[in-house]
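Visitor: Structure below; questions to follow.
The values are calculated or read from the model by the stated rules, or taken from the named source; none is laboratory data. Predicted model only: the values in this text are computed from it and were never measured. Reconstructed Cβ throughout: ideal geometry from the backbone, glycine too, with neighbour counts over all protein chains shown. These accessible areas exclude ligands, DNA and RNA; they are computed on the full protein's heavy atoms, side chains included. Shrake-Rupley method; radii C 1.70, N 1.55, O 1.52, S 1.80 Å.
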Amino acid sequence: MDALVTCLVAAVAVLVVVVVVVVVVRARRRPTGPPDGEPTEPPRGGPLRLTPGDRVCIREREYAVSATIRLVEGDWSWVQHLLDDDSGTRHRLSVEDGPELELVFWTAEPGATVTPGAPTIELGGRRYTWAETGQARYTATGETELPSTGTMRYHDYQSGGAARLSFEAYGEEGWRVARGDLLDPADLTIRPPQA
């Protein structure tokens, strides 16, 4: 009888562990976007909530957010903030809120003559390896020179741990090329908007 009770207690304990593991795995696999693919409001505060007029400091240099582009691809969504520092160089901050927050600071390469599609690409003395390709729907606010909604095609490449290369084409336009650096969240400070 004691052996039967011991076996029953052990079976219940194993069942509880299996249920907990299944719940944790399902919670981690839950998509960040809504089922119908529409952008959702990100949680309050932080880089996901930046809007045109906000100011950020990235590695001790200050930028004004001039536009925000929210992108959705299937169950995945991310945000790009266009940044202005009065230098005339186009910068953007991409924010992906997956299992971990991913921040990438991008600088436009308007003179680049490379095109996407190859497994590896060389630019500026660095070799980049293909990472992902896709197409997303976007909604834009602020000064983007884009329609307020549309589609965007992209090819992303990586080099080493933090270097990135991006090709983006909005609507029927040609490829926009940008080099990026993966940021540590400590590299970004959000400033209150100027009055």
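Visitor: Restricted to region 98-130, and to residues that are touching a Phe, Trp or Tyr at 6+ places or on another chain (Cβ under 7 Å) and open to solvent by 40 Å² or more (accessible area, probe 1.4 Å), which residue is nearest to TYR170 (Cα to Cα)?
Guide: Selected residue: THR115.
Visitor: Are any residues in region 61-84 of a type in the set (Asp, Glu) and in a strand (DSSP E or B), and if so, which ones?
Guide: Within region 61-84, GLU62, GLU73, ASP84 qualify.
Visitor: Which of the residues spanning region 131-175 are modelled with pLDDT under 95 and either basic (Lys, Arg) or in contact with a Phe, Trp or Tyr (Cβ under 7 Å, 6 or more places away or on another chain) (or both)?
Guide: If the condition is that a residue be modelled with pLDDT under 95 and either basic (Lys, Arg) or in contact with a Phe, Trp or Tyr (Cβ under 7 Å, 6 or more places away or on another chain) (or both), then LEU146 is the only one that fits.
Visitor: Find the residue count for region 85-120, including only residues that are among the basic types (Lys, Arg) and part of a strand (DSSP E or B).
Guide: The qualifying residues number 1.
Visitor: Anything in region 131-169 that is in contact (Cβ under 8 Å) with a residue 60 or more places away in the chain and among the small types (Gly, Ala, Ser)? List them, or say none.
Guide: Correct list: GLY134, ALA136, ALA140, GLY142, SER166.
Visitor: How many residues are touching a Lys or Arg at 6+ places or on another chain (Cβ under 9 Å) and modelled with pLDDT of 95 or more when one looks only at region 177-187?
Guide: Of the residues in that region, 6 qualify.
Visitor: Looking at GLY142, GLY160, which is the one that is over 16 Å from LEU71 (Cβ atoms), open to solvent by 30 Å² or more (accessible area, probe 1.4 Å), of a type in the set (Gly, Ala, Ser) and under 20 Å from the mean Cα position of the chain (by Cα)?
Guide: Only one candidate qualifies: GLY160.
Visitor: Assess whether GLU168 counts as being open to solvent by less than 40 Å² (accessible area, probe 1.4 Å) and under 18 Å from the mean Cα position of the chain (by Cα).
Guide: Considered against the rule, which asks whether it is open to solvent by less than 40 Å² (accessible area, probe 1.4 Å) and under 18 Å from the mean Cα position of the chain (by Cα), GLU168 comes out as yes.
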